[in-house]
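Enquirer: Right, I'll just put the structure down here and ask away after.
The values are calculated or read from the model by the stated rules, or taken from the named source; none is laboratory data. For clarity, every value in this text was computed on a predicted model and none was experimentally measured. Positions of Cβ are backbone-derived with ideal geometry, glycine not excepted, and every protein chain shown enters the neighbour counts.
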Amino acid sequence: MSHLSREDVAHVAMLARIQLEDAELDRLAAQLDQIVDWVGQVGEVASADVPPMSHPMPLANVTRPDEVRESLTVQQALANAPQAQDDRFAVPRILDEE
Amino acid sequence: MSDHTTQAASAAGAADADLTRLTAVEMADRLAAGTLTSVELTQAHLDRIERLDPTVHAFLLVDAEGALATAREVDAARAAGEELPRLAGVPVAVKDIACTQGLTTTAGSRMLEDFVPPYDATIVTRLRDARMPILGKTNMDEFAMGSSTEHSAFGPTRNPWDLDRIPGGSGGGSSAAVAAYLAPLAIGSDTGGSIRQPAAVTGTVGTKPTYGAVSRYGIIALASSLDQIGPCARTVADAALLHEVIAGHDPMDSTSVDAPVPDVVGAAGTTDLAGLRVGVVREISGSDQGFQPGVQARFEEALDALRDLGAEITEVSCPHFAYAMAAYYLILPSEASSNLARYDAMRYGLRVTPDGSPSAEQVMGASRDAGFGDEVKRRIILGTYALSSGYYDAYYGQAQKVRTLIARDFEAAFDQVDVLVSPTSPTTAFRIGDKTEDPMAMYLNDIATIPANLAGVPGMSVPSGTADEDGLPTGLQVLAPAMQDQRLYAVGAALEARLRERQGGYVIEQAPEIEVRA
């Protein structure tokens, strides 16, 4: 039984902001369907009363002293930017064109 | 006279070649005694890298200038009578997953091909504080996703034992560098076995410390509840020294354990295991579980050796380990899909701009398609799916429950025994290209190493010999309860000493000389 169709994979890839090409979609969809089928075996374990574990250590709200320290300069912070302008990251438009 | 000169010259050449064959302990001792300088030692490694790394491809970047500058400083400090840390002047290689200020850090990905970090990871700061020359950055599967280093965007690393085979992964660059004597020590990272499995298939030693024992500040994140940094070395004592340098609390990593570092260096002197209770995990050993005959044979011999050393061997069952792989391949992709969302082509990393006047969303989609390789895409999509509305409970939620059951299996096992053992990897090194088209076959390599990451307990791989059928190295995995990392070193050191006695040397010394390929 197919768990994950080509359309499902295209949709999830879009959610993850990966613009797959057609050939990639064909290849990855077949592999992902097989993988999803296999990982689904976690459902075979009876575990209604088992608490979920998200992390090996029971940690909550770890803080360090709130002290003023040196941080990166603007120049350092922008050094790896694909595009910068006026001491800021320059990004493509985020709204639809009119 | 001329004969004498020639002999002296060739003796010097041999001595240079021999420098890289020393253990890190011997290097540190000779540096401290003043019979060796760090510049000589570092240069010997740089020369070997220059000659052999075009063939092995363990390094993505070699920083000769930086390494020699540190070496010169150490030599000057020593000449001035300054007291220096134990490993001062001993060179080290760093997996390209750790940020190094001013040195390109790619995580094996096109996405970060030109990324130059503005700061050092805490472990890199610790290596600098320990005055260790950093030789360079080692190759890895892209974003540490893989078991062969074939998923590196910059080409595979070759196994020094057989250049047509994989050096393990994701830290194949670090394991190959150490196995090929290109570096005495290296840093690795282990999310599901990426230090231990490469150690096993290259005849070297690798430790995944207890979760949280080593800072991850400045480490490029894969799956944050599983990732751990650790040492790669040729001997157990060498690994212990590097472990001691990098372990310890770091306020910059909120998951860092604030507790004393176990005495791993002391434990690495262990020669006797009298009274130690060793458990063999039924679910992760045995030919019936798919372990290669030569791997299984060396494992059973290692059990005999442990028995000779005074350990009591019993069999234990961890029934939920059967579901560890499936749980891992839901938890890891889920966390990775979230961690890798930061590569959005806006602030750093690759940006690909489609024709026309594309939106930010279209730029992200094109950049992530171009910047990520297949394995990364598979895992991001799988993780996004497992976390998506309607599937969360059946996949990610259920995997987290299985994780609890696996942690409970460990607890029950450690009520009965002090350490657990298994073969590290079900097979010896496979051929380059054998599994690249079959992701599932690649995943199954990590069957024995993954449970430790899920529970957060420490593990080590130590050489157990070579398989009869192919002459390639095999590894024994040792697992201990959280914060009992010293037990790994005790078992590893005792087994290593016993094997040396029987075979007249370390397993790695059986590796053939590397033939330079054009």
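Enquirer: For region B:82-103, does any single residue satisfy the condition of being of a type outside the set (S, T, N, Q), at positive phi and touching a residue at least 60 places away in the same chain (Cβ under 8 Å)?
Expert: Scanning region B:82-103 turns up at least one residue that is of a type outside the set (S, T, N, Q), at positive phi and touching a residue at least 60 places away in the same chain (Cβ under 8 Å).
Enquirer: Restricting region B:51-88 to residues that are within 22 Å of the chain's Cα centre (by Cα) and of a type in the set (G, A, S), which is nearest to B:V178 (Cα to Cα)?
Expert: Among those that are within 22 Å of the chain's Cα centre (by Cα) and of a type in the set (G, A, S), it is B:A58.
Enquirer: Give the residue, chosen from B:G465, B:G459, B:G471, that is modelled with pLDDT of 95 or more and within 16 Å of the chain's Cα centre (by Cα).
Expert: After applying the criteria, what remains is B:G459.
Enquirer: While we're on this one: Would you check if there is a residue in region B:173-195 being surrounded by fewer than 24 Cβ atoms within 10 Å (Cβ to Cβ), away from every other protein chain (no Cβ under 14 Å), of a type outside the set (S, T, Y) and in contact with an Asp or Glu (Cβ under 8 Å, 6 or more places away or on another chain)?
Expert: Within region B:173-195 (the criterion being surrounded by fewer than 24 Cβ atoms within 10 Å (Cβ to Cβ), away from every other protein chain (no Cβ under 14 Å), of a type outside the set (S, T, Y) and in contact with an Asp or Glu (Cβ under 8 Å, 6 or more places away or on another chain)), the answer is no, since none of the residues qualifies.
Enquirer: Just one of A:E24, A:E7 is more than 7 Å from chain B (Cβ to nearest Cβ), under 22 Å from the mean Cα position of the chain (by Cα) and surrounded by 15 or more Cβ atoms within 10 Å (Cβ to Cβ); which is it?
Expert: A:E24
Enquirer: Of everything in region A:29-87 that's surrounded by fewer than 16 Cβ atoms within 10 Å (Cβ to Cβ) and in contact (Cβ under 8 Å) with a residue 24 or more places away in the chain, which residue is nearest to the other protein chains (Cβ to nearest Cβ)?
Expert: Step by step, filter region A:29-87, then rank; the result is A:G40.
Enquirer: Which of the residues belonging to region B:321-347 are within 19 Å of B:L405 (Cα to Cα) and at the interface with chain A (Cβ under 8 Å from one of its Cβ atoms)?
Expert: Within region B:321-347, B:Y323, B:A326, B:A327, B:Y329, B:L330 qualify.
Enquirer: Just to be sure, is B:V417 out of contact with any helix residue (DSSP H, G or I) (no Cβ under 6 Å at 6 or more places or on another chain), modelled with pLDDT of 95 or more, surrounded by 24 or more Cβ atoms within 10 Å (Cβ to Cβ) and more than 9 Å from every other protein chain (Cβ to nearest Cβ)?
Expert: For B:V417, the condition - out of contact with any helix residue (DSSP H, G or I) (no Cβ under 6 Å at 6 or more places or on another chain), modelled with pLDDT of 95 or more, surrounded by 24 or more Cβ atoms within 10 Å (Cβ to Cβ) and more than 9 Å from every other protein chain (Cβ to nearest Cβ) - is not met.
Enquirer: For residues that are of a type in the set (K, R), part of a loop (DSSP other than H, G, I, E, B) and either in contact with a Pro (Cβ under 7 Å, 6 or more places away or on another chain) or within 14 Å of another protein chain (Cβ to nearest Cβ) (or both), tally how many sit in region B:68-114.
Expert: Counting residues in region B:68-114 that are of a type in the set (K, R), part of a loop (DSSP other than H, G, I, E, B) and either in contact with a Pro (Cβ under 7 Å, 6 or more places away or on another chain) or within 14 Å of another protein chain (Cβ to nearest Cβ) (or both) gives 0.
Enquirer: Look through A:I94, A:I18 and report the one residue that is touching a helix residue (DSSP H, G or I) at 6+ places or on another chain (Cβ under 7 Å), exposed (fewer than 11 other Cβ atoms within 10 Å of the Cβ), within 7 Å of another protein chain (Cβ to nearest Cβ) and not small (G, A, S).
Expert: One residue alone meets the criteria, A:I94.
Enquirer: Let me ask something else. If you check B:A412 against the conditions, is it assigned to a helix (DSSP H, G or I), over 27 Å from the mean Cα position of the chain (by Cα) and more than 10 Å from chain A (Cβ to nearest Cβ)?
Expert: yes
Enquirer: Mind counting the residues in region B:115-134 that are part of a loop (DSSP other than H, G, I, E, B), touching a residue at least 60 places away in the same chain (Cβ under 8 Å) and of a type outside the set (K, R)?
Expert: 8
Enquirer: Shifting gears a bit: Mind telling me which of the residues B:V376, B:V363, B:V281, B:V295 ends up being among the β-branched types (V, I, T), free of Cβ contacts under 8 Å to residues at least 60 places away in the same chain and buried (at least 19 other Cβ atoms within 10 Å of the Cβ)?
Expert: B:V363
Enquirer: Here's a follow-up. Sort out for me the strands (runs of 3 or more DSSP E) sitting completely within region B:135-252 that have 3 or more residues that are hydrophobic (A, V, I, L, M, F, W, C).
Expert: Passing ranges, in order: B:185-190, B:228-233.
Enquirer: Same structure, new question: Among the numbered conditions (1) among the acidic types (D, E); (2) in contact with a Gly (Cβ under 8 Å, 6 or more places away or on another chain); (3) more than 24 Å from B:A412 (Cβ to Cβ), tell me where B:D446 comes up short.
Expert: Status for B:D446: all satisfied but (3).
Enquirer: Here are the criteria: (1) farther than 19 Å from B:A223 by Cα; (2) in contact with a Leu (Cβ under 7 Å, 6 or more places away or on another chain). Tell me which single one B:V363 does not satisfy.
Expert: Only one criterion is unmet by B:V363, namely (2).
Enquirer: Does B:V295 satisfy the condition of being part of a helix (DSSP H, G or I), of a type in the set (V, I, T) and modelled with pLDDT of 95 or more?
Expert: Yes; evaluated as a whole, the condition is true for this residue.
Enquirer: Look through region B:433-454, keep the residues that are part of a loop (DSSP other than H, G, I, E, B) and away from every other protein chain (no Cβ under 11 Å), and return whichever of them is modelled with the lowest pLDDT.
Expert: Among residues in region B:433-454 that are part of a loop (DSSP other than H, G, I, E, B) and away from every other protein chain (no Cβ under 11 Å), the one modelled with the lowest pLDDT is B:T436.
Enquirer: Could you list, in sequence order, the residues of region B:348-397 that are more than 9 Å from chain A (Cβ to nearest Cβ), of a type in the set (G, A, S) and in a loop (DSSP other than H, G, I, E, B)?
Expert: Listed by number, the residues that qualify are B:G356, B:G373, B:S389, B:G390.
Enquirer: Given B:G459, B:G492, B:G465, which one is among the small types (G, A, S) and within 14 Å of chain A (Cβ to nearest Cβ)?
Expert: Of B:G459, B:G492, B:G465, the one residue that is among the small types (G, A, S) and within 14 Å of chain A (Cβ to nearest Cβ) is B:G459.
Enquirer: While we're on this one: How about region B:255-292: which of its residues are more than 23 Å from the chain's Cα centre (by Cα), within 17 Å of B:E496 (Cβ to Cβ) and among the hydrophobic types (A, V, I, L, M, F, W, C)?
Expert: B:L273, B:L276, B:V278 - these are the residues of region B:255-292 that are more than 23 Å from the chain's Cα centre (by Cα), within 17 Å of B:E496 (Cβ to Cβ) and among the hydrophobic types (A, V, I, L, M, F, W, C).
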